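**Student:** Here it is, the structure, as structure tokens.
The values are calculated or read from the model by the stated rules, or taken from the named source; none is laboratory data. Predicted, not measured: the structure shown is a model, and the values here were computed from it. Here the Cβ positions follow ideal geometry from the backbone for every residue, glycine too, while neighbour counts run over all protein chains shown. Just so you know, the surface numbers come from the protein's heavy atoms only, side chains and all, with ligands and any DNA or RNA stripped out. Shrake-Rupley method; radii C 1.70, N 1.55, O 1.52, S 1.80 Å.
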Amino acid sequence: MAVAVKEDPLLRKEIERRRTFGIISHPDAGKTTLTEKLLLFGGAIQKAGAVKSSKIDRATTSDWMEIEKQRGISVATSVMGFDYRGVKINLLDTPGHQDFAEDTYRTLTAVDSVVLVIDCVKGVEIQTEKLMEVCRMRKTPVISFINKLDREGQDPYDLLDEVEAKLDIKVHPMSWPIGMGKGFKGVYSLYEKKLLLFTPSKQTVQQEYVEISDISSPELEKHLTENEANQLREDVELIDGVYGDLDFEDYRSGKVAPVFFGSAVNNFGVKELLDCFIDIAPFPRNRETDDREISPLENTFSGFIFKIHANMDPRHRNRLAFVRVCSGKFERGSTYHHVRLGKKFRFSNATAFMAQDKETIDVAYPGDIVGLYDTGNLKIGDTLSEQNEGLYKGIPSFSPEIFREVINLDAMKSKQLDKGLTQLMDEGVAQMFTYDMGSRKVVGTVGVLQFEVIQYRLKNEYGATCRFESSNLYKACWFDSKDDKKLKEFIDSKQRHIAKDKDGKPVFMAESKAWLQMVQDNFPEINFHFTSEF
Ligand code: G4P
């Protein structure tokens, strides 16, 4: 339990007006377009197209230099802060390229809720399923936006069923579409009881709507054909019967996902999403450290680092660490404990992220993201705190998909290679596992791009050269057991296959699915996990 605190009313006010969230989707579902429209509503950008220009083009770019360059550009847009209706919104961008999925998983640890975009034509796609798994692990509240209603998509009932089945979460429609594709007329907002009429428009912020609190009113026929009006009445009756009223706590505890329908590119249904989002989405809540739960209302600052962005200019080795403020008030120039290192640091160079811009800030509140310039003391998962307390939990590593062994090509530069690898791993570029026997190093990634990134950066920033040798590993499994004797027995018998992860935790490196199954059968007392947090 969080400790009782003497409340600072100003701090409470600042906390309650913050919404920190991320938008996730399978590539091409419309994340960038929706982000842009939200920024337009927030007055954070003035014209459409501003976000798009810094977006990574996953489909056509296999050139990682280009991707890195664009990632560099997108640092400023990776956290977008803006005010809307008196609420401070912090929108955390997540990389679209699936090779950077780990980045996205980590960013999800820094948000309080998520908006999930689904393409109504394609339905739930694979990347969405993976991202939802991460949300479920952390019980992150999710609002879903079913996009591209101006296209001939799947039947809305089928879409809802698919979301429930594939994403393993109950849904609750907040709006309901009238037609689709060419016959798309608009949506009825069940939340605001109004009819939104669709007019394709890429730029405007205003859209036409009619307040219709009673769906049986003949007012409906003034805007829809008799058939459409009757169909809508039937649908609304059915939905009300099946879903009833949304219990906001069910949403905030991650049990139910409210669903909106719209068309991001036409700016249709986006304002309704945003208005409802700021009404119901959670403000920063308690977070767990390995010591105790910490309330955002506690007067002393604490926060954790979820992302590190390297400076791509080799002459300036400094990096930008992204800190999520979790409690109290962050003040520039103050001295904070670096809990892992047990040292104090003064942070005089703090940056806030406003949409598309970085600006120096003096104070930040829970939910805010602060950028700190760092010369190598900070790594992902580190906790900074005014009082020297526990480490924030919740930045799990997942078993990589691809593994390759690092072969040093210049024996004279092995120190540089080690340093470079360690720093790149601190940034979260990939994961490294060091075998207990023989000190072999294996790098694991989600996609192949990272190997090129690592080789290039080792050479350019650290003067080290290496080669990657294919490895037939299947999964990295973290493990534990209640039975210490059996655990020791297991470690002794599988020593050749045990490596340490970045935190020194032992990991069993399984060579194939079948073999892992066999080992599991032989050691039933050992629990194997595909994530470092269990
Ligand atoms: P992403 O960030 O999730 O990858 O998706 P993004 O917003 O880039 O959208 C992918 C494509 O889908 C874009 O088209 C975008 O214009 C389109 N799109 C987004 N929302 C809607 C919508 O409501 N209806 C329709 N019909 N299309 C939508 P593109 O051709 O890849 O790019 P562009 O040339 O339009 O910029």
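**Student:** Check residue 276 against each of (1) over 20 Å from the mean Cα position of the chain (by Cα); (2) of a type outside the set (Val, Ile, Thr); (3) open to solvent by 10 Å² or more (accessible area, probe 1.4 Å) and name the one condition it does not meet.
**Tutor:** (3)
**Student:** For residues that are farther than 24 Å from residue 37 by Cβ and surrounded by fewer than 18 Cβ atoms within 10 Å (Cβ to Cβ), scanning just region 99-129, find the one that is nearest to the chain's Cα centre (by Cα).
**Tutor:** Looking at residues that are farther than 24 Å from residue 37 by Cβ and surrounded by fewer than 18 Cβ atoms within 10 Å (Cβ to Cβ), I get 129.
**Student:** Need the failing condition index for residue 188 against (1) in contact with a Phe, Trp or Tyr (Cβ under 7 Å, 6 or more places away or on another chain); (2) of a type in the set (Ser, Thr, Tyr); (3) loosely packed, with under 12 Cβ neighbours inside 10 Å, just the number.
**Tutor:** (3)
**Student:** Another question about this same structure. Restricting to region 245-287, count the residues that are farther than 30 Å from residue 390 by Cα, away from the ligand (no atom under 15 Å from the Cβ) and not in a helix (DSSP H, G or I).
**Tutor:** Within region 245-287, residues that are farther than 30 Å from residue 390 by Cα, away from the ligand (no atom under 15 Å from the Cβ) and not in a helix (DSSP H, G or I) number 7.
Matching residues to (1) in contact with a strand residue (DSSP E or B) (Cβ under 7 Å, 6 or more places away or on another chain); (2) farther than 24 Å from residue 170 by Cβ; (3) away from the ligand (no atom under 14 Å from the Cβ); (4) modelled with pLDDT of 90 or more:
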site: 53; (1), (2), (3), (4): no, yes, no, no
site: 68; (1), (2), (3), (4): no, yes, yes, no
site: 76; (1), (2), (3), (4): yes, yes, yes, no
site: 133; (1), (2), (3), (4): no, no, yes, no
site: 137; (1), (2), (3), (4): no, no, yes, no
site: 142; (1), (2), (3), (4): yes, no, yes, yes
site: 145; (1), (2), (3), (4): yes, no, no, yes
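**Student:** Another question, if that's okay. Quick check on my filter: what residues within region 147-174 are within 14 Å of the ligand (Cβ to nearest atom) and over 22 Å from the mean Cα position of the chain (by Cα)?
**Tutor:** Passing the criteria: 148, 149, 150, 151, 152, 153.
**Student:** Another one. I want to confirm something. Restricting to region 456-505 and keeping residues that are in contact with a Lys or Arg (Cβ under 8 Å, 6 or more places away or on another chain) and surrounded by fewer than 18 Cβ atoms within 10 Å (Cβ to Cβ), which single residue is farthest from residue 525 (Cα to Cα)?
**Tutor:** Among residues in region 456-505 that are in contact with a Lys or Arg (Cβ under 8 Å, 6 or more places away or on another chain) and surrounded by fewer than 18 Cβ atoms within 10 Å (Cβ to Cβ), the one farthest from residue 525 (Cα to Cα) is 463.
**Student:** Same structure again: Taking interchain pairs and intrachain pairs at least six residues apart, which have beta carbon atoms under 7 angstrom, with the first residue in region 406-418 and open to solvent by 50 Å² or more (accessible area, probe 1.4 Å) and the second part of a helix (DSSP H, G or I)?
**Tutor:** Sorted first by the residue in region 406-418, then by its partner, the pairs are 408/414; 408/417; 416/462.
**Student:** Moving to a separate point now. For region 19-30: of the residues being open to solvent by less than 10 Å² (accessible area, probe 1.4 Å) and more than 7 Å from the ligand (Cβ to nearest atom), which is farthest from residue 105 (Cα to Cα)?
**Tutor:** Here the answer is 20.
**Student:** Please tell me if residue 12 is at pLDDT below 90, in a helix (DSSP H, G or I) and under 30 Å from residue 299 (Cα atoms).
**Tutor:** no
**Student:** Determine if region 183-190 includes at least one residue that is under 29 Å from the mean Cα position of the chain (by Cα), at negative phi and touching a residue at least 60 places away in the same chain (Cβ under 8 Å).
**Tutor:** yes
**Student:** State whether one or more residues within region 350-360 are touching a Ser or Thr at 6+ places or on another chain (Cβ under 8 Å) and modelled with pLDDT of 85 or more. Step through it out loud before you land on a result.
**Tutor:** Let us first name the residues in region 350-360 that are touching a Ser or Thr at 6+ places or on another chain (Cβ under 8 Å), namely 350-353, 355-356, 358-360.
Checking which are modelled with pLDDT of 85 or more leaves us with none.
No, that holds for no residue.
**Student:** Mind checking which pairs have a first residue in region 437-458 that is free of Cβ contacts under 8 Å to residues at least 12 places away in the same chain and a second that is open to solvent by 70 Å² or more (accessible area, probe 1.4 Å) and not aromatic (Phe, Trp, Tyr), Cβ under 9 Å, 6 or more apart or different chains?
**Tutor:** Note: pairs meeting the criteria are 438/496.
**Student:** For region 369-393, how many residues are farther than 23 Å from residue 99 by Cβ and not in a strand (DSSP E or B)? Explain how you work it out, then say what you get.
**Tutor:** Let us first name the residues in region 369-393 that are farther than 23 Å from residue 99 by Cβ, namely 369-378, 382-393.
Those still in the list that are not in a strand (DSSP E or B) too: 375-378, 382, 386-391, 393.
Counting residues in region 369-393 that are farther than 23 Å from residue 99 by Cβ and not in a strand (DSSP E or B) gives 12.
**Student:** Next up: So, residue 402, is that one farther than 28 Å from residue 134 by Cβ and touching a residue at least 12 places away in the same chain (Cβ under 8 Å) or not?
**Tutor:** no
**Student:** Please state which of the following conditions residue 444 fails to meet, knowing it meets all the rest: (1) surrounded by fewer than 21 Cβ atoms within 10 Å (Cβ to Cβ); (2) touching a strand residue (DSSP E or B) at 6+ places or on another chain (Cβ under 8 Å); (3) of a type in the set (Gly, Ala, Ser).
**Tutor:** Condition (1) is where residue 444 drops out.
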